[in-house]
Amino acid sequence: MPLNPFAPEARRVAAATGFRLGSLLYTARHYGRQYRNAIYTGTYHGKPAVLKLYDEPQPTDEPRALAAFHRSKQHTILRAPKLYASGIVSPTRGWLIMERLAGTGHFLRSPLAIVEREEFLHVFMAYRKSFPRKPHRPLTLLEQLPAHEYHTVRISRWLQLAVDTEIARPLRQQALIGKEFAPLYEAALVLLRKEFKNRKMLWCHGHVKPKEIFQCADGSFALTDFAHTRMYPEGYELAFIIWADWLLPGNWRLAYSQWRKPIQDWLQLIRPIAVQLGYTRVDALLHASLVERTLGTILADVESLDLSYAERRGRLTHLFRFLRELLGNKSL
């Protein structure tokens, strides 16, 4: 596969729209495999802009999701990049020409400092107040499932991803997910089915994390990457914050107690947010949501990304211990 399979399409879109193509800014792959998007700098009708092309493994209509957000009532501190032009090629492919967020602003970086976490959650609440409450499109079959079945289907996909990765790994590389995993996997599914059986599905951006938020020079913020807009179980976004800021990128070389502390710190800040959002049985919800995120990190992230053996081993050692704590109902 070429380093950037989107290059020919980028040239076609530029020629058709008048976008003056600049340099390649960013590419992303789906769990280290197929390329899912590419972003180019450039200008559009004399204005600084970016061209994003996407080919996602799951259905998405990012241009329509971004346009729907612009139509919703905006919170004073939160906006999104202006949408100049777009095209949807198929349920999984399309492109957008958007305002370029530049100047003296910057994207937030994980892990956030303590004071930055509080500001991030302020922005998160602004997002929840301004994001559309209802879908702008018909729901997919997966989105129509009850919350507990939704989690079950997604986790089964991650399990298959881990199996495929294991099969493709050279024989000389030692497997790090052993026989201890099966009972933990089973216990996790039991817990998730029980906790989410009567939980709601919510229309969400689905990817609100530091990396997707641009802090502008005037102190306002811009939310980016609407490719994951869909229905999610309540609680998902709150655990996703912890996953994105620490569970996945956290320093795996730390002793377990030190590695675990930022998770506890995040939970102290997030519990009041869950109450403000009207969630019930908050501790049980966050507990179960972290089980889902931890299981996904083990199967889809650590096992599928291109990490050294030492890093995989270090991360999985912490994650397995944390999962055992969660499933043992130990207090967080």
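Throughout, read-outs are computed from the coordinates displayed, never taken from laboratory work. Only a predicted model underlies this, so the values are computations on that prediction, with no experimental measurement involved. Virtual Cβ from ideal backbone geometry, glycine too; neighbours counted across all protein chains shown.
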Distance from the range 299-318 to the range 165-238 (C-alpha centre basis), Å: 16 Å
Calculated FRET efficiency for the pair residue 140/residue 119, C-beta based, R₀ 35 Å, to 0.05: 0.55
Local electrostatic count at residue 29 - Lys and Arg +1, Asp and Glu -1, tallied over other residues with Cβ under 10 Å: +1
Likely footprinting exposure, 140, 41, fewest C-beta neighbours within 10 Å first: 140, 41
Cα-based shape type of the range 228-286, given that a ≥ b ≥ c are square roots of the gyration tensor eigenvalues and the cut on a/c is 1.5: oblate
Calculated FRET efficiency for the pair residue 89/residue 179, C-beta based, R₀ 30 Å, to 0.05: 0.10
Antiparallel DSSP beta bridges within the chain, percent to nearest 5: 95 percent
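Take 299, 269 and order them by how many other Cβ atoms sit within 10 Å, fewest up front. Working shown, then result.
Working: 299 24, 269 15.
In increasing order of surrounding Cβ atoms, one gets 269, 299.
Give me the number: length gained by fully extending residue 157 to residue 265, i.e. 0.36 nm times residue separation minus the C-alpha to C-alpha distance, one decimal in nm.
Details: separation 108, 0.36 × 108 = 38.88 nm, distance 3.05 nm.
The span from residue 157 to residue 265 would gain 35.8 nm if fully extended.
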Cα-based shape type of the range 183-332, given that a ≥ b ≥ c are square roots of the gyration tensor eigenvalues and the cut on a/c is 1.5: oblate
Cα centroid separation - the range 55-105 against the range 118-163, whole Å: 18 Å
Rounded, prolate or oblate (a/c below 1.5 giving rounded, otherwise prolate when a/b exceeds b/c) for the range 7-100 by Cα gyration tensor: oblate
Formal net charge of residues neighbouring residue 254 (Cβ-Cβ distance under 14 Å; K, R +1; D, E -1): +3
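All other residues with a Cβ under 13 Å from the Cβ of residue 60 taken together, and with Lys, Arg as +1 and Asp, Glu as -1, what is their net charge? Working shown, then result.
Numbers: positive: 36, 52, 64, 93, 137, 230; negative: 55, 56, 61, 62, 143, 225.
So the surrounding residues net to 0.
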